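Written out below as structure tokens is the structure these notes cover.
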Amino acid sequence: MLVSDLIKLIDAEEQTTGVLDQTIACGYTCDLLSWVMAKGKANCAWVTVQTHMNVVAVASLHDMACVVCPEGVRMEEASVAKAAQEGIAVLSSPKTAYDICALLHEAGVPSV
Amino acid sequence: MFSRVFPVQKGMFDTAGEASSKIKKILKKVGIPPDIVRDVAIAAYETELNLVIHSLGGELTLSVNPEIIELISQDVGPGINDVNMALKEGYSTAPDDVRDMGFGAGMGLPNVQRHCHEFQIASELGRGTTIRAKYFLKNN
Ligand SMILES: Nc1ncnc2c1ncn2[C@@H]1O[C@H](COP(=O)(O)OP(=O)(O)OP(=O)(O)O)[C@@H](O)[C@H]1O
Ligand SMILES: [Mg+2]
């Protein structure tokens, strides 16, 4: 699945612009950064309500594909700019983290 | 053999993660195997964030030679009261505002231990904490 496919799947808005062709290999959801640090993988789609700069640091250290903010949460502009620089897409979806993960799973994307 | 020092300031959340990001890029560039780059990046990130959150300031030092990568985190205080407690999963003294940002799961030091080949920690109240994580590049 590509980031562009995920955008359609979860009715997301891309906060970054044009970071669409990354492949999504797996998914994870957690708001505790050192859990994500322990579990994160390359090309992961990470669902979190955290929006600050350090989310991007964690995503980037793991070469993740995208960060997904659920329930209409939007990432801070400074973090979005940093993510774009690192080639990580930032998506905001009206769906809950639960629904986003369920849809990813249904579409065949495994857990980390 | 080369060695680089990255100063890390207390409380600087906006730039937190930059030292570990640089460390990751350097290791990638000199051709260190990807799984070791990932392990060092995890250890660097966790020790860097601990410097930002828990210390009065300090630095990360990365040393690389053909056999060993060594990552050292050193700070100027306040030191850790009970090191064995600090190494336990789930133990954290992070304040509430920092927990709200998603830190303070008490998983940082266990992550470092799990992602290095040799781990050492020494701490003295009033003086500071030194953490060494080593990675052996041959026979691994
Ligand atoms: N450099 C340091 N100086 C002083 N105390 C430290 C330092 N590093 C860690 N500690 C102490 O050790 C505890 C455990 O650290 P650890 O990194 O495992 O968890 P945490 O930082 O509290 O949470 P997390 O890393 O999961 O966000 C900290 O809460 C803190 O009390
Ligand atoms: Mg920590």
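For chain B, modelled as a GNM with alpha-carbon contacts under 10 angstrom, which of B:Val40, B:Val30, B:Val83 fluctuates the most?
Answer for the Gaussian network model of chain B: B:Val30.
May I ask you to find the residues of the stretch B:97-120 that are shielded by at least 10 Å² of accessible area once the whole protein assembly is considered instead of their isolated chain (probe 1.4 Å)?
B:Asp100, B:Met101, B:Gly102, B:Phe103, B:Ala105, B:Met107, B:Asn111, B:His115
Roughly to the nearest percent, how much of the accessible area of chain B is carbon and sulfur, given a 1.4 Å probe?
50
Of all the accessible heavy-atom surface of chain A, with the other protein chains kept in place and a 1.4 Å probe, what percent is carbon and sulfur? If you can, show how the numbers build up before the last one.
Working: 2500 of 4590 Å².
Looking at chain A in its full context, I get 54 percent from C and S.
Calculate, in whole percent, how much of the Cα-Cα pair population of chain A lies beyond 16 Å. Let's see the in-between values first.
On the way: 3028 of 6216 pairs.
Summing the P(r) of chain A above 16 Å gives 49 percent of all pairs.
For peptide A:47-54, how many partner chain Cβ atoms fall within 10 Å of a residue's Cβ, on average?
Other-chain Cβ atoms within 10 Å of each residue's Cβ, averaged: 4.
Give me the dipole magnitude in Debye, nearest 20, for chain A about the Cα centre, with unit charges on the beta carbon: positive for Lys and Arg, negative for Asp and Glu.
260
Computed on protein heavy atoms with a 1.4 Å probe, what is the summed buried accessible area for the chain pair B and A, in Å² to the nearest 100?
The B and A chains share an interface burying roughly 1600 Å².
How far is helix B:34-54 tilted off the main Cα axis of chain B, in degrees rounded to 10, range 0 to 90?
30
Of A:Lys95/B:Lys10; B:Lys29/B:Lys88; B:Lys22/B:Lys88; A:Lys41/B:Lys24; A:Lys8/B:Lys28, which ones are farther than 25 Å apart at the Cα?
A:Lys95/B:Lys10; B:Lys29/B:Lys88; B:Lys22/B:Lys88; A:Lys8/B:Lys28
In the stretch B:1-89, which chymotrypsin sites (Phe, Trp or Tyr not before Pro) fall in coil by DSSP and have 16 or fewer other Cβ atoms within 10 Å?
Loop-located and lightly packed - B:Phe13.
For the stretch B:33-89, build the convex hull from the C-alpha positions and give me its volume per residue in Å³.
So the per-residue hull volume is 96 Å³.
Over chain B, what is the relative contact order in percent, taking alpha-carbon pairs closer than 8 angstrom and at least six residues apart?
Over chain B, the number comes to 26 percent.
Over 17 Å apart: what share of the alpha carbon pairs of the stretch B:2-136 falls there, rounded to a whole percent?
Summing the P(r) of the stretch B:2-136 above 17 Å gives 55 percent of all pairs.
Calculated from DSSP H runs of 4 or more alone, at -39500 (n - 2.57) each and per residue, what is the 222 nm mean residue ellipticity of chain B, nearest 500?
On the way: 5 runs with 49 residues, N = 140.
Result for chain B: -10000 deg cm²/dmol, rounded to the nearest 500.
Roughly how far apart, in whole Å, are the Cα centres of the stretch A:1-75 and the stretch B:77-140?
Value for the Cα centre distance between the two parts: 26 Å.
Using a 10 angstrom cutoff on alpha carbons, build the Gaussian network for chain A and name the most mobile of A:Gln22, A:Gln85, A:Gln50.
Comparing A:Gln22, A:Gln85, A:Gln50 in a Gaussian network model of chain A, the most mobile one is A:Gln85.
Please calculate how many Å² of accessible area the protein assembly as shown carries per residue, with a 1.4 Å probe and no DNA, RNA or ligand atoms counted.
Heavy-atom SASA per residue in the protein assembly as shown reads 46 Å².
Only Cα pairs under 8 Å and at least 6 apart count here; give the relative contact order of chain A as a rounded whole percent.
Worked out over chain A, it gives 33 percent.
The values are calculated or read from the model by the stated rules, or taken from the named source; none is laboratory data. For clarity, every value in this text was computed on a predicted model and none was experimentally measured. Backbone-built Cβ (ideal geometry, glycine too); neighbour counts: all protein chains shown. Note: areas computed on protein heavy atoms with side chains; ligands, DNA, RNA excluded. Shrake-Rupley method; radii C 1.70, N 1.55, O 1.52, S 1.80 Å.
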